[in-house]
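Read through the structure below, which is laid out as structure tokens, and then see the notes.
The values are calculated or read from the model by the stated rules, or taken from the named source; none is laboratory data. Predicted model only: the values in this text are computed from it and were never measured. Cβ placement follows ideal geometry from the backbone for every residue including glycine, while neighbour counts extend to all protein chains displayed. Note: areas computed on protein heavy atoms with side chains; ligands, DNA, RNA excluded. Shrake-Rupley method; radii C 1.70, N 1.55, O 1.52, S 1.80 Å.
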Amino acid sequence: MKKLTAIGIAAIASATLLSACNDSDYEYGEESPTGVAVYSFKIQANNNILANLDSVFFSINLVDAKIFNADSLPYGTRVNKLVPSIKMYENISQAQLIVRRANGTDTIHDYLTNPGDSIDFSNGPVSLHVVSADGMVERDYSISVNVHKLKSDSLVWNLAARRALPGTISAPAEQHTTADTEAVYTLTRASNKYSIAYTANPYDGAWTDVAPALPAGAIVSSFTAGSDKLYILADDNTSANSHALYSSVDKGASWNAENIRLTNIYGACNGKLAANVRTEGGEWKLVDIEAGTTAALPDGMPVSGTSNPAVYTVPNGNGQQLVLVGGTDATGAAVGAAWGFDGSAWARISAFNMAWAGREMVVVPYVTFRVSNTFQVTTYPTLIAFGGLDRNGKLCREVYTSADYGITWQLAPELMQLPAEIPSVYGAQAFVYSGTLRPSRSTSEWTEIELSRSIPANAFIGEIPASRVTRPVTEWDCPFIFMFGGRNEAGATYPYIWRATFNRLTFQPLY
């Protein structure tokens, strides 16, 4: 699984004439005469409109005569009465702000005589007409005050982001998806036919099909990727408590017995397979595959029915961490806790019992955003959990989040809950991969359907760069959550992949 990295606008600092860009493919215009140059543009403070409005950075492109804020103002910001502060050559003879009206008379403000006039930027760019002191040089600037058209801090589940599961089976009875550092792998089954498909990135849709020679009795739900092998359990009818372990080193085409028996596989972390076995005497043990040893389970640890493993890297930590939520323990009781594995040891990591934690939930490591009133953006690693079956066997729809790696959990805000277009599921798997967005794009694999509402997440925030950028951005990376399959309340498998991301990350950077 690809590591999620922060997304920001690339800052390319330049002098007022933007001469720092050295890309030979970029064509520069003629330099603006100094007598009509704009040296600074700001909006005066007005807390009734937006806190710290005067700190919003505006880029000045003297080559193309454009002034703009590269990072748009928050959704809903009113820009119909803004007072600009403009610095120009002190001896200019004329400076007019012209508000264009599509169906009416333009409004002209004389900035030299009335610099405190409020300007309406809500109908698009406003023109700034500047005339030099001697009247020989004129320049018209286009000033844009950009505002997000969507709620920026929102997680969007999009059925436009829905496509069929990959592979050669069109109506699978079962599916299970796993991932390593190289690829994500989807195993599907219909009757006695199996299919494996893999890709380096599910966003691109370039899947490779494999016809796997799986062992008889292969258990689809145990399909797991380790550091250099794929693993699966097979019911060989020799024990009621355990199954034979098989591995593949060729993307699932051929499989070899590992000569070890397991009951359940939790996942893999830091190159180690995490699994358990129920002995013939009925005792549950943790299994170290490499060492061939077993150890007692910690009290209260789940033995089956856990969420998909969420694997992430803790800042300043050593390697990966694996987190599971929910499941059932050795007595068959529900486990209302999150458990973690670092490749060598297991530990309960949630501080309190969670009545909502069910069986076969969906858990994914992601981020949420928080924007401060000084436009500082901070990213918070966040675990998102939803779906699964509750203690009564009913499907859960509530979404829960943890901003401290699973120690504490809370019900997500109402608008972050699943919209009607996303079905309730259990037994699905979710991963995060980045996709490249473009202003206009078409995808043949994904069906794009507009949702009745979006799912805003709990805010996140990083620093807005003070940048004078020299060219339009034509493509940018955006991290997506991909949810594979899952089952409905009747146990039928959904033959789809769903995709999700934050609204904030789907916005096209302006420059």
(message) Can you tell me which residue is modelled with the highest pLDDT among those in the stretch 187-226 that are open to solvent by 60 Å² or more (accessible area, probe 1.4 Å) and among the aliphatic types (A, V, I, L, M)?
(response) A213
(message) Looking at A330, A274 in this structure, which one is open to solvent by less than 40 Å² (accessible area, probe 1.4 Å), in contact with a Phe, Trp or Tyr (Cβ under 6 Å, 6 or more places away or on another chain) and under 29 Å from A244 (Cβ atoms)?
(response) A274
(message) Between a residue in the stretch 242-267 that is open to solvent by less than 10 Å² (accessible area, probe 1.4 Å) and part of a loop (DSSP other than H, G, I, E, B) and any residue that is among the polar types (S, T, N, Q) and modelled with pLDDT of 95 or more, which pairs come within a Cβ distance under 6 Å, given they are 6 or more apart or on different chains?
(response) S242/T263
(request) Can you tell me which residue within the stretch 390-402, out of those that are open to solvent by less than 60 Å² (accessible area, probe 1.4 Å) and part of a loop (DSSP other than H, G, I, E, B), is nearest to G486 (Cα to Cα)? (result) C396
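State yes or no: is L159 modelled with pLDDT of 90 or more and either open to solvent by less than 50 Å² (accessible area, probe 1.4 Å) or within 30 Å of S191 (Cβ to Cβ) (or both)? Lay out the reasoning, then the answer.
Working: modelled with pLDDT of 90 or more: no; either open to solvent by less than 50 Å² (accessible area, probe 1.4 Å) or within 30 Å of S191 (Cβ to Cβ) (or both): yes.
No: the conditions fail for L159.
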(message) Consider the stretch 409-446. How many of its residues are at pLDDT 75 or above and either outside any loop (DSSP other than H, G, I, E, B) or buried (at least 17 other Cβ atoms within 10 Å of the Cβ) (or both)?
(response) 19
(request) Determine, yes or no, whether V287 is β-branched (V, I, T), under 14 Å from L262 (Cα atoms) and either in contact (Cβ under 8 Å) with a residue 24 or more places away in the chain or open to solvent by 30 Å² or more (accessible area, probe 1.4 Å) (or both). (result) yes
(request) Hey, can you tell me all the residues within the stretch 93-107 that are surrounded by 12 or more Cβ atoms within 10 Å (Cβ to Cβ) and in contact with a strand residue (DSSP E or B) (Cβ under 6 Å, 6 or more places away or on another chain)? (result) S93, Q94, A95, Q96, L97, I98, V99, T107
(request) Could you please find all residues in the stretch 74-91 being open to solvent by 60 Å² or more (accessible area, probe 1.4 Å) and under 14 Å from F121 (Cβ atoms)? (result) R78, N80, K81
(message) Taking the criterion of being modelled with pLDDT of 85 or more, within 14 Å of V363 (Cα to Cα) and charged (D, E, K, R), would at least one residue in the stretch 393-403 satisfy it?
(response) yes
